[in-house]
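Each remark here refers to the structure printed beneath this line.
The values are calculated or read from the model by the stated rules, or taken from the named source; none is laboratory data. Just so it is clear, the model here is predicted, and its values are computed rather than measured. Backbone-built Cβ (ideal geometry, glycine too); neighbour counts: all protein chains shown. What goes into the accessible areas is simple: the full protein's heavy atoms, side chains included, and nothing from ligands, DNA or RNA. Shrake-Rupley method; radii C 1.70, N 1.55, O 1.52, S 1.80 Å.
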Amino acid sequence: MTDRQALIAGNWKMNGLTAAALAEAKALAEKLAANPHKAQVAICPPAILLAPLAASLSGSGILLGGQDCHAKASGAHTGDIAAEQLKDAGAACVIVGHSERRADHGETDAIVRAKAEAAHRAGLIAIVCLGETLAQRDGGETLKVVASQLRGSLPDDANAANTVIAYEPVWAIGTGRTPTLEQVAEVHALIRRELRARFDDGAGFRILYGGSVKPDNAAQLMAVADVDGALVGGASLKAGDFWPIIAAKG
Ligand code: PGA
């Protein structure tokens, strides 16, 4: 299928104070307004910045997303944020199952699946992250691990409109290392096969690559078959780095 619109999403992680974040977002919005581009663009800032960014980016076409959500819609969960609250603050999507959440907060596939369901319940697109560790890659377990994460993390109500997959090898995140294009192609093909086998519209899901995507490698990575865009961490923090990645998709 060639009609999947690319998505390039910036994951700001725990970075950004209001004034600087608004300035970078404005600079990005100006770049996008001045230059034709094919990809859909999203920024996933710290949740506390969603509302001010939503106000300043209104009409820009840039989607906003959360970086995590709780599975429940409300309740006694100190420090957590419901998908409904992200939506209320202006989010259109939410990242779930990022490897940093899986590692730092013990999130299992079952928890990630419940969070993806919560995203759907709230009307958000769930960006579901998967990826192997270096030990799993070196042990030849990558395809097995990614297939198992995919099966366990995707709820049955997932479809091409409400769910995006992000393949992010843990060892490529924030390290400057990336898999070879052949390795990326192999994993994305596996994910596509699994999606087709399980979902009627499995051919339509967008599958992003993430992990050390930079202006100088973005075009190559996103030209790989079944790579429908990118999830970008460090290089999404500055409009001057993020824009060339978006432009790399045409
Ligand atoms: P990175 O992060 O681009 O800084 O490697 C990607 C991610 O964690 O989503």
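Given the criteria open to solvent by 60 Å² or more (accessible area, probe 1.4 Å) and either free of Cβ contacts under 8 Å to residues at least 60 places away in the same chain or in contact with a strand residue (DSSP E or B) (Cβ under 9 Å, 6 or more places away or on another chain) (or both), does R102 qualify?
No: the conditions fail for R102.
Out of the residues in region 97-111 that are assigned to a loop (DSSP other than H, G, I, E, B) and more than 16 Å from the ligand (Cβ to nearest atom), which is farthest from L154 (Cα to Cα)?
It comes out as G106.
Would you confirm whether any residue within region 68-82 is in contact with a helix residue (DSSP H, G or I) (Cβ under 8 Å, 6 or more places away or on another chain) and within 23 Å of G250 (Cα to Cα)?
No, region 68-82 contains no residue that is in contact with a helix residue (DSSP H, G or I) (Cβ under 8 Å, 6 or more places away or on another chain) and within 23 Å of G250 (Cα to Cα).
Restricting the first residue to region 107-130 and requiring it to be among the hydroxyl-bearing types (S, T, Y), which pairs with a second residue that is open to solvent by 10 Å² or more (accessible area, probe 1.4 Å) meet a Cβ separation below 9 Å and a spacing of at least six or different chains?
Short answer, once both residue conditions are applied: T108/R102; T108/G152.
Residue by residue, here is whether (1) assigned to a strand (DSSP E or B); (2) surrounded by fewer than 20 Cβ atoms within 10 Å (Cβ to Cβ); (3) in contact with a Gly (Cβ under 7 Å, 6 or more places away or on another chain) holds:
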position: H77; (1), (2), (3): no, yes, no
position: Q85; (1), (2), (3): no, yes, no
position: I95; (1), (2), (3): yes, no, yes
position: A116; (1), (2), (3): no, no, no
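Can you tell me which of A20, A33, A51 is at pLDDT 95 or above, of a type outside the set (F, W, Y), in contact with a helix residue (DSSP H, G or I) (Cβ under 8 Å, 6 or more places away or on another chain) and assigned to a helix (DSSP H, G or I)?
A51
Are there any pairs with C-beta distances below 8 angstrom linking a residue in region 147-171 that is open to solvent by 10 Å² or more (accessible area, probe 1.4 Å) to a residue that is among the β-branched types (V, I, T) and part of a loop (DSSP other than H, G, I, E, B), with the two at least 6 apart or on different chains, and if so which?
Once the first residue is open to solvent by 10 Å² or more (accessible area, probe 1.4 Å) and sits in region 147-171, its partners that are among the β-branched types (V, I, T) and part of a loop (DSSP other than H, G, I, E, B) give G152/T108; V170/T133; W171/T133.
Are any residues in region 200-212 more than 16 Å from the ligand (Cβ to nearest atom) and buried (at least 17 other Cβ atoms within 10 Å of the Cβ), and if so, which ones?
Passing the criteria: G202, F205.
Scanning region 213-250 for residues that are polar (S, T, N, Q) and open to solvent by 10 Å² or more (accessible area, probe 1.4 Å), which turns out nearest to the ligand (Cβ to nearest atom)? Spell out how you get there, then give the answer.
Residues of region 213-250 that are polar (S, T, N, Q), as a first pass: 217, 220, 236.
From what is left, the residues that are open to solvent by 10 Å² or more (accessible area, probe 1.4 Å) are 217, 220.
Details: N217: 11, Q220: 15 Å.
By that ranking, first place goes to N217.
What number of residues within region 174-197 satisfy the criterion of being open to solvent by 30 Å² or more (accessible area, probe 1.4 Å) and of a type outside the set (S, T, N, Q)?
Keep residues of region 174-197 that are open to solvent by 30 Å² or more (accessible area, probe 1.4 Å), which gives 174-178, 180-183, 185-186, 189, 193-194, 196-197.
The next check asks that each one be of a type outside the set (S, T, N, Q); those that pass are 174, 176-177, 181-182, 185-186, 189, 193-194, 196-197.
Residues in region 174-197 being open to solvent by 30 Å² or more (accessible area, probe 1.4 Å) and of a type outside the set (S, T, N, Q): 12 in total.
Return the residues of region 150-163 that are in a loop (DSSP other than H, G, I, E, B) and in contact with a strand residue (DSSP E or B) (Cβ under 8 Å, 6 or more places away or on another chain); say none if nothing qualifies.
Correct list: L154, A158, A160, A161, N162.
For K38, state whether it is farther than 21 Å from K87 by Cβ, open to solvent by 10 Å² or more (accessible area, probe 1.4 Å), at pLDDT 95 or above and not aromatic (F, W, Y).
No, not satisfied.
Every residue in region 164-199 that is more than 18 Å from the chain's Cα centre (by Cα), within 16 Å of the ligand (Cβ to nearest atom) and in a helix (DSSP H, G or I), please.
Across region 164-199, the qualifying residue is only Q183.
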